[in-house]
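Only the coordinates and a few stated rules stand behind these numbers; no lab work does. Bear in mind the structure is a predicted one, so any value in this text is a computation, not a measurement. Backbone-built Cβ (ideal geometry, glycine too); neighbour counts: all protein chains shown.
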């Protein structure tokens, strides 16, 4: 079946550092890929998405590129802020009525 | 904006009690989902529904049931709560026929079973 693997953390960085959170997936066909973010005490919010190979999703300074050849969708940000501290989930779907398959989440802590 | 509302943010129940978790969405979405979130395990799908009165088991349906009598409302039921059902429960919805398959989530219901 489908699966998503991501680094679990916690990942601790200093403010203004460069961020990479790795995500790789296993799925047949051409899934859509997502990054969701969960701030403390809240539900999940969509951060960015990509629906086909070589697409780049971007939002709030975060970027991720859909790499079919390496089955990856790594999340990057050039300069993180304390307010980026949250749990980040990589996910995929092959569409239809099915829900998303999620990775286990990466807890990111940004220190001032 | 799409809004998914979960009726209770925090609940404390006793072992053996019947528990209802309610979820309402206001965007006329066909598909609704219940996930369970636990540290180190991520999100796991309990049940989903693609239409009124329709339901499908997810990955961990044991100990749970669901009800979808109206399109906007999807309820998760714990017939006899147990301590291993202490968790964060997340409801989500999405429309059909959209290739991106984006889910919209509620804020979660944190259930503690004593």
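With contacts taken as Cα pairs under 8 Å and at least 6 residues apart, chain A reaches a relative contact order of 37 percent. Prolate is the label for region A:57-112, because the ratio a/c of its alpha-carbon gyration tensor axes (a ≥ b ≥ c) is 1.5 or higher and a/b is greater than b/c. Here is the tail figure for the protein assembly as shown: Cα pairs spaced more than 31 Å apart come to 21 percent of all pairs.
Taking 7 Å steps out from each Cα toward its Cβ at residue B:112 and residue B:41 produces label points 1.9 nm apart.
From the Cα gyration tensor of region B:9-75, with a ≥ b ≥ c the square roots of its eigenvalues, which class applies: rounded if a/c is under 1.5, or else prolate if a/b is larger than b/c, or else oblate?
It comes out prolate by the Cα gyration axes.
Apply the Debye scattering formula to region A:15-112, with a single equal point scatterer on each alpha-carbon and no solvent, then give log10 I(q)/I(0) at q = 0.10, 0.18, 0.20 Å⁻¹. Treating every Cα as an identical point scatterer, log10 I(q)/I(0) equals -0.25, -0.80, -0.97.
Would you mind putting A:57-65, A:28-36 in packing order, based on average other-beta-carbon counts within 10 Å, highest first?
A:28-36, A:57-65
With both labels modelled 7 Å from their Cα along Cα-to-Cβ, the residue A:58 to residue B:65 distance reads 5.1 nm. Relative contact order of region B:43-114: 22 percent, from C-alpha pairs under 8 Å at least 6 residues apart in sequence.
Assuming a ≥ b ≥ c are the square roots of the Cα gyration tensor eigenvalues, decide whether chain B counts as rounded (a/c under 1.5), prolate (otherwise, with a/b larger than b/c) or oblate.
The shape class here is prolate.
When chain A is treated as a Gaussian network with alpha carbon springs shorter than 10 Å, the biggest mean-square fluctuation among A:16, A:76, A:42 belongs to A:42.
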